[in-house]
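Just below is one structure, and these are the notes that go with it.
What follows is calculated from the coordinates using simple rules that are stated; it is not laboratory data. Quick caveat, the model's predicted, so the values are computed rather than measured. Neighbour counts are summed over all protein chains in view; Cβ atoms, including those assigned to glycine, are modelled from backbone coordinates with ideal geometry.
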Amino acid sequence: MKGSSGSSVLPWGKWIWVSLPGENLGESDRRFLQDIRPAGVVLFGENGRTAAGVARLVREIREVLHPDEVLIAIDQEGGRVARLKAGVPNVPPMRTIGLTGDPVHAFETAFKLGLALKAADIDIDFAPVLDVDSNPSNPIIGDRAFSKDPETVARLAMAFSHGLEAGGVLPCGKHFPGHGDTSADSHIALPVVDADEKILSVREWVPFERAIAMGIPILMTAHVLFSRLDPTWPATLSYRINRDLLRRRLGFGGLLLSDDLSMAGVGAHFSLPVIVRRSLGTGCDGLLVLKDQEKARQVLDVIRGEAEKSPSLWGRRLSMSLKRLEKIRFMCRRNHGK
């Protein structure tokens, strides 16, 4: 990799995570992957409902991007958020596991799930949900959370996280700094949380603090506006939340992914250049740009344009993200015995 003077040839696509539309790669999909050369590909239900089916697709993806290493991720939480329907354990909603209060059960459930995902050549599960079920009218979290009690969430979520890792798949905790107290769905609107820092620190942040202290390797941001912390910018785009709170105060040094930038929580309120500049500037190491290949290309164009204007700054940012990304790759190689 060249230095900042050769910024145009740096692997800017390694900041981007994409998805694909079907169970097999068409020629346009192959060109798209080769043009972006993304850090990761996220699997959805349209990519196949069986572990064996997606394993074939994963092999195709890896072949197209060879010799680059690509990370394969999936949302396989359990309950209503489960892309695969066959070839993996039928995991109940996290609330059901939370009601048992049993971390051993949480670990064993996730361990079996991790083994099955690893067998399908999947690297990362976008789980556990670290959100606290603090708003009973929440339309998007609800039974995806382990509990309304922060300590119970922290204990069981980390047991689940460790189970996934023991099974051979890396966990990704979400959605920092907490999506549990919202009354709107960030897929279709920008939720606002008006709680002050005192409340947030003893409720929403407890599971995240525990996860960071216990070494969770990956976290995902929330497209949520915390009006008492930053009245202007949702968490994904907030320096106060991602840089000052997460990175500096809580000490998270792992890989930070944005939630999907195509969601209305950010996409309907800010221009794409602003979203890209701020999310990467606040400390995100990967931008999820899902189910929209044209938008993924636009994100890459924005990154290249910004890098041409400030090559040293953007080169340094990319170098830091690539170091975190390589740690994740190393862990995945180790999990898969490579």
Residue satisfying all of: in the range 241-294; among the acidic types (D, E) and under 20 Å from I36 (Cα atoms); surrounded by the fewest Cβ atoms within 10 Å (Cβ to Cβ) among these: E294
Identity of the residue in the range 127-163, of a type in the set (A, V, I, L, M) and in a loop (DSSP other than H, G, I, E, B), that ends up nearest to L113 (Cα to Cα): A127
Flag for I199 being touching a helix residue (DSSP H, G or I) at 6+ places or on another chain (Cβ under 7 Å) and surrounded by fewer than 24 Cβ atoms within 10 Å (Cβ to Cβ): no
Wholly within the range 31-121, helices (runs of 4 or more DSSP H) carrying at least 1 residues that are among the aromatic types (F, W, Y) and surrounded by 17 or more Cβ atoms within 10 Å (Cβ to Cβ): 103-119
Residue in the range 91-100 that is free of Cβ contacts under 8 Å to residues at least 12 places away in the same chain and of a type in the set (S, T, Y) present: yes
R243 vs. criteria under 16 Å from the mean Cα position of the chain (by Cα), basic (K, R) and in a helix (DSSP H, G or I): no
Test for G337: is it part of a loop (DSSP other than H, G, I, E, B), over 20 Å from V18 (Cα atoms) and over 19 Å from the mean Cα position of the chain (by Cα): yes
